[in-house]
Amino acid sequence: MSVLTDTYKKLILFTLLLVCGGLFLPVCTAEEMSELEVMESEIEDNSVKPNDSYISDIEILGANIIKPEYILSRINLQRGDLYDKDIMQQDLKTIYKMGYFTERMKAVPVKNENGTISLKIILEENIPVTDFTIEGNTVVSTEELMAYLMPLKGKPQNISNINSAMEKLNECYTSKGYILSKVDSVYDDPDGFLNLNITEGKVNKVMIKGNEKTKEYIIERNIMTEPGTVYNENIVKQDLVRLYSTQAFKDVNRTIEVSEDDPDKYDITIELKEQRTASLSIGGGIDSATGVFGSVGISDNNFRGRNQRVSLSGMVGSGILMSDASIKKHMNYQGELSFFEPHFLNSDNSLMSKIYYRDLGSYQIPLALERRFGVEATIAHRLINNPRMSTTFTTGVEHIHLSEGDPATVRNLYAIKGLNIADRAKELEGGLFLRLAPGLAYDSRDTIMNPRHGALASVRFEEAIGLDGFSKTNGRIIGMAKRYIPVAKKSSLTFTGRGGMKIHGSEMPEIMAFRLGGPYTVRGYKVNGVGTGTSFIMGSVELATPIPFSDRIKVNFLQNLRLTFWVDAGQVFKPTIASTLYDRPLHAITTGVGLKVTIPGVGPLSVDYGFPITNPGKYGSKNGYFTFGAGDMMY
């Protein structure tokens, strides 16, 4: 009976200690967690200190959602360990730092009769997150943002996890270009709802600074960022690229300032530095197509401050150089007046129109003189759903006149090949043609100057309607594709494929045949040195790399200069009479080196030296040729 009485006394004493908090840690604030202390229960046997006792059991109380096993895995003291109140104090700090519990936590070591300790850890969970409300989002859907919050639902509020979720929400906005958007505030309700308010950073106004000649409405139509919209850095960068590509400005930048009217909105300033756009050029030199030549030109890339481009040019040359005997050496006269409107009819269309006159020795027809006069207009439309793609439509009227250049030599060539000289009239057939050419283009290049990433492709169908003889009507299709792959830090590898074929027109004039050879097709051959025919296919691989050590010389021209190493290959099908007369090889593989520089508004200028790997033909050279090119053929 006395033993039972003693037991009841001990139970009453233990209960009083629990009520009075004698066995628990005092309640602490978050700032006081560093001073948490473990309150030990009284031990009847004073000869045995708690730190000399082993832990027989650990019980986690108050953890309803967070599993006790998870808590036990995070602390140091485990069953079978010697109890140490300093370690216990550190374990309580560890549990608090988990973020799921309030600072009201206690550790109660209870001495067992066998000398071991039962450790009770009493916790209080934060209010669990029951749901979420999101306000202020317009450009990112609530469903997308909820994906970052749902892992918090059903768990006790954890400030660390909540902060991490808020960072992910901000990163979501930033990844889409909304760099001024952020989670402005987070607060919870007693029922566990977590409420988020997002400030997306709207544009208050867009200001333009620095334009003197360029009309303001011309600048504004290139800026898609508008007041009232959420600021997007990606869209602004595209705006700056569009402005720079007008060639009216030498520098384009933007600044962002918090609006004085509304601290949640921003004022955007587009800062411009205009450049001289009108130019007069007088030049001369030696060219493989025109011989010794002189040229004069006047142009304005920002005509009347409206971003229109007007150009008038003329050239006189001594005749074709570096050609075989198929091209008559004849004075070369060329003139062209062109006009470009980047926003035709105030829409997303652009218009390029030109009037031209050319009088030269023909590339297509052996020993013939060729005179062309025509007008042409091309409308291009960029697709709204895919800005990298654009449609084109070209129309124009062209008169082609061919005349005999060297009758005696022509008769001799026909006789040698056993051909009927009466067929010469067919070769010299020109005419008046109406051209209709719809096309599709794709451009994902990272830059126009020296692209290293992306692709460039186009396909075009050309219908030439004979206005002075419908039997001459013919149609053909032409395509081109380029792929740019970066190599090292500044070099690039380009794969190019081109092809074309006649679709219809049994009486298509030979002047409209495809030709291979020269600076724009298979380099290392004379112009049309590979041959002419009704269809062709070719490909090339080119490595372009900066001139070694050119980056140490601060000259812009040298920064755009590239050393090239290349291989070209091509094949002509269904050869014309010209190919037969001169025993042209019809297929060729060449390799060579060159220099290329890209000039804004002009395109790539290149000089190459190529070596034929295959048979160069009777009139070709096994040692190869220099070729000079300006611009880039789209087929």
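The values are calculated or read from the model by the stated rules, or taken from the named source; none is laboratory data. What you see is a predicted model; the values in this text were computed from it and never measured. Every residue, glycine among them, receives a Cβ derived from its backbone with ideal geometry; neighbour counts consider all protein chains shown. Please note that ligands, DNA and RNA were not included when accessible areas were found on the heavy atoms of the full protein model with its side chains. Shrake-Rupley method; radii C 1.70, N 1.55, O 1.52, S 1.80 Å.
Write down the percent of antiparallel bridges among all DSSP beta bridges whose residues are both part of the range 47-138, to the nearest 5. If we restrict to bridges inside the range 47-138, about 55 percent are antiparallel. Across all directions, the average projected area of the convex hull around the alpha carbons of the range 290-359 is 6.1 nm². Centre-to-centre, using Cα atoms only, the range 209-255 and the range 499-543 are separated by 42 Å. Backbone N atoms of the range 300-335 closer than 16 Å to the 7 Å Cα→Cβ label point of Arg371 belong to residues 330-335.
Rolling a 1.4 Å probe over the heavy atoms of the protein chains gives the chain an accessible area of 52 Å² per residue. The value given for the chain is a Kirkwood hydrodynamic radius of 32.0 Å, derived from the mean inverse Cα-Cα separation.
Listed cross-link partners Lys215/Lys482; Lys97/Lys168; Lys182/Lys215; Lys153/Lys182; Lys354/Lys618; Lys328/Lys574 are compared with a 32 Å cut-off, the Cα-Cα value being larger for Lys215/Lys482; Lys182/Lys215; Lys354/Lys618. Applying a DSSP loop filter and a limit of 15 other Cβ atoms within 10 Å to the trypsin sites (Lys or Arg not before Pro) in the range 343-428 leaves Arg388. Dipole magnitude for the range 252-394: about 920 debye, using +1 per Lys or Arg Cβ and -1 per Asp or Glu Cβ, origin at the Cα centre. Can you list the trypsin sites (Lys or Arg not before Pro) in the range 92-188 that are in a DSSP coil and have 14 or fewer other beta carbons within 10 angstrom? In loop regions of the range 92-188 (DSSP not H, G, I, E or B), the sparsely surrounded trypsin sites (Lys or Arg not before Pro) are Lys153. Full extension of the chain between Lys354 and Tyr619 gives 91.8 nm of extra length, using 0.36 nm per residue less the Cα-Cα distance.
What 222 nm value per residue comes from the helices of the chain, counting each DSSP H run with n ≥ 4 as -39,500 (n - 2.57) and dividing by all residues, nearest 500 deg cm²/dmol?
About -5000 deg cm²/dmol.
Taking 18 Å as the straight-line reach from the Cα of Lys209, the lysines in range (excluding those fewer than 8 positions away in the same chain) are Lys237, Lys250, Lys273.
Past the 26 Å Cα-Cα mark, which pairs from Lys176/Lys265; Lys155/Lys202; Lys106/Lys155? Working shown, then result.
On the way: Lys176/Lys265 19 Å; Lys155/Lys202 34 Å; Lys106/Lys155 21 Å.
Violating the 26 Å limit, Cα to Cα: Lys155/Lys202.
Share of carbon and sulfur in the accessible area of the chain stands at 57%, probe radius 1.4 Å. Applying a length cut-off of 15 Å (Cα extent along the axis) and a mean Kyte-Doolittle floor of 1.0 to the DSSP H helices of the chain leaves 2-20. The ellipsoid equivalent to the alpha-carbon distribution of the range 131-243 has semi-axes of 38, 12, 10 angstrom, derived from the gyration tensor eigenvalues as √(5λ) and listed largest first.
Extension gain for the segment Glu260 to Ile547, taken as residue separation times 0.36 nm less the Cα-Cα distance, is 98.3 nm to one decimal. The fraction of all Cα pairs in the range 291-418 landing in successive 5 Å bins from 0 to the largest distance is 2, 9, 14, 15, 14, 12, 10, 9, 7, 4, 2, 1, 0, given as whole percents.
Can you list, largest first and rounded to whole Å, the semi-axes you get for the range 236-325 by taking the square root of 5 times each eigenvalue of its Cα gyration tensor?
On the way: eigenvalues 432, 37, 15 Å².
For the range 236-325, the ellipsoid semi-axes come out as 46, 14, 9 Å.
The lysines within cross-link reach of Lys111, meaning a Cα-to-Cα straight distance under 19 Å and a gap of 8 or more places when in the same chain, are Lys9, Lys10, Lys49, Lys85, Lys120. Computed on the Cα trace of the range 168-207, the radius of gyration divided by the Kirkwood hydrodynamic radius gives Rg/Rh = 1.14. Return the aspartates and glutamates within reach of Lys93: Cα separation strictly under 13 angstrom, same-chain partners fewer than 8 residues apart disregarded; answer none if there are no such residues. Of all the aspartates and glutamates, those that pass the test against Lys93 - Cα under 13 Å, at least 8 places apart if same chain - are Glu31, Glu32, Glu35, Glu37, Glu103.
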